[in-house]
Each structure stands twice: as structure tokens, then as C-alpha cells.
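Read through the structure below, which is laid out as C-alpha cells, and then see the notes.
Derivation of every value follows stated rules applied to the coordinates shown; laboratory data play no part. Remember, it's a predicted structure, so these values are computed and weren't measured experimentally. Cβ placement follows ideal geometry from the backbone for every residue including glycine, while neighbour counts extend to all protein chains displayed.
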Amino acid sequence: MRDTFQSSHVRGGAVKLFMDGVIEAYAALMLEDYAGQPGNTGSANFTAEHFDRMALEADRLGLQIFVHAIGDAGAWLAFGSDWPVVSQSPILGIYAGLNRQPWLPGLPDQRQTLEQLIAGYTRDAAYAEFQEADKGMIRAGMLADLVLFSEDIFETPPAGFERVTPVLTVCDGRIVYRYRDGV
């Protein structure tokens, strides 16, 4: 599959490993107990040794490794979605990143700035898939993947970000979506 699907739009060659679950199910691996759940810090899906074996095998096969780690894992932030579990819409991800609130008073504020979120969905996501030389930034010689939004996102208050919609999408220099009267 890795060699069969190779283009600027579709690429095979990666494996996604799920190191933990999600916070909503109290299954993300955390450093401290979940609020109201003494002793529950979530759990890892693999031991470190098992994970190492899988990662080494993926590397031996020439596969890139992506790791789902929702809990307190320090990592390079490249944003995307867990579709089909959640929406593919980066607008909803940006909204969540801008408006995130601590679960309890005294917990750290982990909101991201709009600039951090845009970088996570573009430049840093391209880096995560080893495509930083081809996409992720607006630069001569790179793929022209662009989105025109319904309003100036740098003037949109975080709470209003859900109303932002794409009106034009350009992929590799070609218009692939244009808003037409609600279509």
C-alpha cells in the first residue's frame, strides 16, 4: 500500500498507534487523577516495551508513525481530527483550541492562540507527515493549498469562531470548492 498510493493528494505509508483513550471516557493517560475519580489516571493501551516493538517494526517497514496521545504527553503539536469519531472540520478544532477551559479552578489554561492553531493545522501538520518541503506554508514552489473564509479570522472573537465558514478552497493551485448560495 505504501508504494501504491503516492501522490500529492493521497499517500500511504503511515501507521497510527493509539497510546491512550479520550478524556471524555476517562481513558486518556494523565499524570494526576481525574476530577471526582480518585485513583483513576486513565491507562496506556500498550506497555512501553510493546509500543517500542511496534514502532521498531513500523520503522523497519518504512512506515511513518503517528501516535494518538491525548493525556499529559509532551509532544510536537500537529492538529487534525479523529474522524470518524469527531468532525473533520478544522474550524471546530480551532474553536475548541481557542475556547478550551480548565475542568477545575486552579488547573492550567491550555488554550492555544490562533497563530499556534493555524501553524498546527498547516506547517506543523506538514512537518508531521514529512511534507514540510512541499506544503504547509504559502511560499514559492510549494503546493498552493489555501482557504478563503467568510470573515477575517484574525478579527473574529474566539466565541464566534463557529460561525466561520470556507467560501473558497484551493488545492495544489486548483479551485476545488466554491460557496454558491448555500451549496
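For the chain, the relative contact order comes to 14 percent (Cα pairs under 8 Å, sequence separation of at least 6).
The sum of -39500 (n - 2.57) across all DSSP H runs of n ≥ 4, divided by the residue count of the chain, sets its helix-only mean residue ellipticity at 222 nm to -6000 deg cm²/dmol.
Between Pro166, Pro84, Pro102, the Gaussian network model of the chain with springs among Cα atoms under 10 angstrom shows the greatest mean-square fluctuation at Pro84.
Can you give the FRET efficiency to the nearest 0.05 for Gln37 and Leu17, using r as the Cβ-Cβ distance and R₀ = 22 Å? Plugging the Cβ-Cβ distance into 1/(1 + (r/R0)^6) gives 0.30. Relative to one another, the C-alpha centroids of segment 19-34 and segment 128-163 are positioned 30 Å apart.
Selection among Gly97, Phe161, Leu114 by position relative to the dipole of segment 97-183 gives Phe161 as farthest towards the positive end (Cβ unit charges, Cα centre). Here the dipole of the chain is about 560 debye; that uses its Cα centre as origin and unit charges on the Cβ of Lys and Arg (positive) and Asp and Glu (negative).
Couplings 3J(HN,Hα) of segment 50-57, computed from phi: 5, 4, 4, 4, 5, 5, 5, 5 Hz, in residue order, whole Hz [Karplus 6.51 cos²θ - 1.76 cosθ + 1.60, θ = phi - 60°; x for Gly and Pro].
Amide H to amide H, with H built 1.01 Å from N, Gln64 comes under 5 Å of Ala14, Val15, counting only residues 5 or more places away or on other chains. Residues considered: Arg163, Arg111, Arg60. Largest GNM mean-square fluctuation over the chain, using C-alpha springs under 10 Å, is found at Arg60.
The alpha carbons of the chain give a radius of gyration and a Dmax of 18.8, 55 Å, in that order. Full extension of the chain between Glu132 and Phe149 yields a length gain of 3.8 nm, computed as 0.36 nm times the residue separation minus the alpha carbon distance. Which residues make up the longest stretch of the chain clear of GluC sites (Glu not before Pro) that lie in a DSSP loop with no more than 10 other Cβ atoms within 10 Å, not counting the sites? The longest uninterrupted stretch comes out as 33-154.
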